[in-house]
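Below: one structure, written as structure tokens.
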Amino acid sequence: MPEQLLRLVYLSTAAPGNDSGTTQAILQTSSIHNPLSRITGVLCSSRSHFLQVIEGPEQAVIALYGRVVQDPRHRDPVLLSIELVSGRLFAEWSMAHIEGYRHAEELYRTLLPLRHVNQGKQAVVALTRSFIDTLSANRRSDALQP
């Protein structure tokens, strides 16, 4: 029987003072802890936002997102998607990275006003699905750094 996995997607604003060193610290921590928790995914970062896909065992993903919400490097996290899935999109990486991902800022500006509006939920789902599909299609690209 295949393992039941959870895939979670969120956006957050980078706290003031975050820089590439902050992102590298997040990736370093991920490279140590994620394999132990069987978590994989991709972190997209820009100067002002993080957009991340986390996948793995349900309790491990929920615990990790709980730490993100409490992490002072992240502000105003917005949960875009959470779903049970039967397979991983990013099985090769404890946490891949896309730096300078301008779409994170664009998605954040688009989605933030919609997050509490019923009709906005469909837009959030559609944009998030498009984002995941794009990343999945390009996951072997040189743009993703394992």
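The values are calculated or read from the model by the stated rules, or taken from the named source; none is laboratory data. Quick caveat: nothing in here was measured; it's all calculated off a predicted structure. Please note: Cβ atoms are built from the backbone with ideal geometry, for glycine as well, and neighbour counts cover all protein chains shown. To get the accessible areas, we keep the full protein, side chains included, count just its heavy atoms, and leave off ligands, DNA and RNA. Shrake-Rupley method; radii C 1.70, N 1.55, O 1.52, S 1.80 Å.
Out of residues 5 or more away from Trp93 or on other chains, whose amide H comes under 5 Å of its own, with H placed 1.01 Å from N in the peptide plane?
Gly41
Give me the net charge for the shell around Val68: Cβ to Cβ below 12 angstrom, other residues only, Lys and Arg +1, Asp and Glu -1. Write down the numbers at each step before the final one.
Numbers: positive: Arg67, Arg73, Arg75; negative: Asp71, Asp76.
Once positives and negatives cancel, what remains is +1.
Tell me the accessible surface of Ser86 in square angstrom (1.4 angstrom probe, heavy atoms of protein chains only), to the nearest ten.
For Ser86, the solvent-accessible surface is approximately 100 Å².
Please report the accessible area of Asp71 (heavy atoms, 1.4 Å probe, ligands and nucleic acids excluded) in Å², nearest 10.
Counting only protein heavy atoms, Asp71 exposes about 30 Å² to solvent.
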